[in-house]
Amino acid sequence: MIPDYLYHYTNIEALALILKNKTIRFSPLNHMDDLQETESADVHNIGQIIYKSIILQLPFHDNSNGQPAKSLIPISDMISKKFYCPEAFLGKENLYKVLYTADRDKLLPRIVTGDKLQFALAIGNIGIYKNIKWKFQREWRYRLTLCPIDFDKPYNEMQKEYTIMANKLRDGFDVQSVPYYDMKLDDHAFQNMEIVMSPRLNEANRTILNEKFF
């Protein structure tokens, strides 16, 4: 069960851009605080194609049991930006409660099956588990797998590019095409939005918030 409210920590400048552009930014795991998240036991830097937006649960209570919830991903926006996202195309969950563990097999799973010519990458749990030392964060996250694909190209050419990218991923090469992804939000996402000011917010920024958003 998802808590009534989940909060995205940000600053005044980023908040202004979220409200102006109606977007929320996703960043890849290899740009986050725990670099262990971007690794698996058999593939280096697999987290480069796993993008997340961090949100936290407040107040500090836990009734979620780690269950994911479905959230609408704008497929047309991703196609126009030349990305393929399995969660969007297959209708999979993309909001998760992070699960903290000391189990090495969950933190560094083996994800490659098959042989050199025919193989699969099981990346479903990358970005779901985090080292138990980060448990104090009580983090939820939106999680997207983003692969650069040009849907305007012929199918055979597109499939060839996808195969090349998958091989590069398996071999640990860099395929990340953008350092972040700004996902467009529908108007209804803002209807029940709550802005909570930090007690450490200085008077000038508090005044700006009160004048602009309250």
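Out of all the residues in the range 42-78, which are under 29 Å from Lys116 (Cα atoms) and either at pLDDT below 65 or part of a helix (DSSP H, G or I) (or both)?
Ile46, Gly47, Gln48, Ile49
Give the range 1-41 a look and list any residue that's closer than 25 Å to Val112 by Cα, in contact with a Phe, Trp or Tyr (Cβ under 7 Å, 6 or more places away or on another chain) and either small (Gly, Ala, Ser) or at pLDDT below 85 (or both), or say none.
Hit for the range 1-41 is Ser27, nothing else.
From (1) more than 20 Å from Ile79 (Cβ to Cβ); (2) exposed (fewer than 15 other Cβ atoms within 10 Å of the Cβ); (3) touching a Pro at 6+ places or on another chain (Cβ under 9 Å), pick out the condition that doesn't hold for Trp140.
(2)
Being under 30 Å from Asp115 (Cβ atoms) and modelled with pLDDT of 85 or more narrows it down to one of Arg170, Arg206, so name that one.
Arg170
Any chance you could count how many residues in the range 1-17 are in contact with a helix residue (DSSP H, G or I) (Cβ under 9 Å, 6 or more places away or on another chain) and surrounded by 14 or more Cβ atoms within 10 Å (Cβ to Cβ)?
5
So, in the range 135-182, how many residues would count as being part of a helix (DSSP H, G or I), hydroxyl-bearing (Ser, Thr, Tyr) and in contact with a Phe, Trp or Tyr (Cβ under 7 Å, 6 or more places away or on another chain)?
Selection size over the range 135-182: 0.
So Tyr162 fits all but one of (1) in contact (Cβ under 8 Å) with a residue 60 or more places away in the chain; (2) aromatic (Phe, Trp, Tyr); (3) within 22 Å of Gln36 (Cβ to Cβ); what number is the exception?
Checking Tyr162 against (1) in contact (Cβ under 8 Å) with a residue 60 or more places away in the chain; (2) aromatic (Phe, Trp, Tyr); (3) within 22 Å of Gln36 (Cβ to Cβ), the one that fails is (3).
The values are calculated or read from the model by the stated rules, or taken from the named source; none is laboratory data. Remember, predicted model here, so these are calculated numbers, not experimental data. Every residue, glycine among them, receives a Cβ derived from its backbone with ideal geometry; neighbour counts consider all protein chains shown.
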